[in-house]
1. Among the residues that make up region 74-92, is at least one of them in contact with a Ser or Thr (Cβ under 7 Å, 6 or more places away or on another chain), under 28 Å from Gly122 (Cα atoms) and touching a residue at least 12 places away in the same chain (Cβ under 8 Å)?
2. So is Asp95 modelled with pLDDT of 95 or more, of a type in the set (Asp, Glu) and more than 21 Å from Gly303 (Cβ to Cβ) or not?
3. Residue check: is Glu136 modelled with pLDDT of 95 or more, of a type in the set (Asp, Glu) and under 30 Å from Glu366 (Cα atoms)?
4. Of all residues being assigned to a loop (DSSP other than H, G, I, E, B) and hydrophobic (A, V, I, L, M, F, W, C) in region 193-215, which is nearest to the chain's Cα centre (by Cα)? Just the residue, please.
5. Just to be sure before I move on: is Ala162 over 30 Å from Ile261 (Cα atoms), touching a strand residue (DSSP E or B) at 6+ places or on another chain (Cβ under 7 Å) and in a helix (DSSP H, G or I) in the structure I sent?
6. Going through Arg146, Arg135 one at a time, which residue ends up being more than 19 Å from Ala212 (Cβ to Cβ) and buried (at least 19 other Cβ atoms within 10 Å of the Cβ)?
7. Looking at Ala247, Ala219, Ala190, Ala260, can you tell me which residue is in a loop (DSSP other than H, G, I, E, B) and either touching a residue at least 40 places away in the same chain (Cβ under 8 Å) or surrounded by 21 or more Cβ atoms within 10 Å (Cβ to Cβ) (or both)?
8. Condition check: under 24 Å from Leu324 (Cβ atoms) and touching a residue at least 24 places away in the same chain (Cβ under 8 Å). Does Ser51 satisfy that?
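The values are calculated or read from the model by the stated rules, or taken from the named source; none is laboratory data. Values in this document were obtained by computation on a predicted structure and should not be read as measured data. With ideal geometry, Cβ positions are generated from the backbone for all residues, glycine too; neighbour counts draw on all protein chains shown.
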Amino acid sequence: MKQARALSIVNGRLVTPDGVRKGTLRIVDGMIAAVGTEGPQPDDAVIDASSRDGEGALVVPGLVDLGVFAVDKPAFHFGGITRAALMPDQNPPLDLPSRVNYIAKSGKPDFWVHPLAAATRGLAGDELAEAALMREAGARGIATGRGWISDSGVMLRVLRYAAMLDLVVVAHAEDHGLAGDAVATAGEMATRLGLASAPAQAEALAVARDLALAEMAGARIHFRQVTTAAALDLVRAAKARGVAVTAGVTPAHFMLSDLAIGDFRTFGKLSPPLRSEDDRHAVVAAIGDGTIDVVSSGHDPRGPEDKRLPFSDAEPGMAGAETLLSTTLTLVRDGVIDLPRAFDLLSGAPARLLGVEAGAIRQGYEGDVALVDPEKPWVVDRTKMAATADNTPFDGQPMQGRVLGLWKGGVRVD
């Protein structure tokens with residue numbers, strides 16, 4: 001998809017890594033050519049980002065969604081997402097170069113998919129997959145998938161291999177020996193509902209071990225979701241002593257607690273499960289102090305065959321792409337973070353982890369941009385979602401913030 005004419009977006013508020021300022025954004029040949037330093041040229045296509053309040057819409061980088069389970073372009077485009085890192089938990093798993101190469105080409109031209117290679121063959125947790133060949137085929141990282149590699153020797157070899165290849169390892173943090181077949185977090189709510197539960201410490205134990213191994217290997221490790229106060233304290237301390245660790249979370253874990261499963265509603269069954277209200281507050285604080293680096297959707301659309309079942313039998317997962325932007329903007333309105341930090345969580349940090357020059361309004365970066373009205377109200381209605389399935393725990397919830405326009409490499413995405 002080649003940009004035919006240079007594009008200038010005028011009268012908007014440019015959300016850059018250095019702050020928010022008014023100005024013109026020019027995109028030429030698919031790349032950001034100027035950020036607020038010059039006006040539109042005579043032959044440019046011009047988009048006016050003026051708004052009724054005189055402030056102007058936000059001009060932001062296209063979101064980079066780190067760790068989705070399905071390529072769902074209509075939902076991604078609705079949510080302002082222009083790139084996504086796909087988890088290896090596919091059928092078949094992404095454990096061969098041919099599969100990775102196919103996925104790397106699958107979304108183009110209006111959406112880019114960055115595959116994450118399976119850490120082990122078949123995601124079984126024992127035999128290492130051929131990560132070097134998968135990197136050549138387009139893999140941007142190595143991932144353990146939905147599960148935790150329980151064998152410490154195998155995990156250490158994965159981390160050493162990744163360090164040699166300069167690839168980030170995206171890890172699931174849940175000690176399966178403790179978590180087992182649990183469907184909820186141990187506590188009052190799980191007890192009242194009679195659900196099989198696991199202690200929140202299952203996450204902290206997994207994080208502690210993998211941090212120790214990553215430090216031994218000199219590897220970069222990213223925990224896709226860190227959702228408990230104890231595990232966040234471990235990440236915070238590791239960062240302080242210089243470990244190359246980053247942490248992510250999905251909006252469900254800073255918006256909702258295990259109170260949301262009180263009616264056995266399976267749209268609230270997630271992996272990891274929803275936590276206590278205290279842990280939810282700890283996640284919000286960790287976003288505010290920089291312990292959490294990435295907010296991602298965890299997009300995992302599940303149809304009625306997976307969700308319309310008793311709670312214990314239903315599959316975990318949520319369709320999160322369409323609500324990712326709006327839920328993150330609640331943190332800005334609540335004063336937890338500012339706009340540049342919000343879009344670093346959503347775009348900049350994920351792009352850096354994947355090693356792509358995108359995710360920021362910066363000269364020389366890919367021209368993936370969105371026009372956003374941060375105050376536009378709407379209500380989540382699962383019957384009208386663009387996703388392939390409607391399993392959102394936010395159904396019926398009022399939101400603010402909508403994408404007004406989206407461009408991939410300077411070309412409008414419809």
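1. Checked against the condition, which is being in contact with a Ser or Thr (Cβ under 7 Å, 6 or more places away or on another chain), under 28 Å from Gly122 (Cα atoms) and touching a residue at least 12 places away in the same chain (Cβ under 8 Å), region 74-92 yields no hits at all.
2. Here the answer is yes, as Asp95 does meet what is asked.
3. In short, yes.
4. For region 193-215, the residue satisfying everything is Ala200.
5. yes
6. One residue alone meets the criteria, Arg135.
7. Just a single option satisfies the conditions, and that option is Ala219.
8. When the stated conditions are applied, Ser51 passes them.
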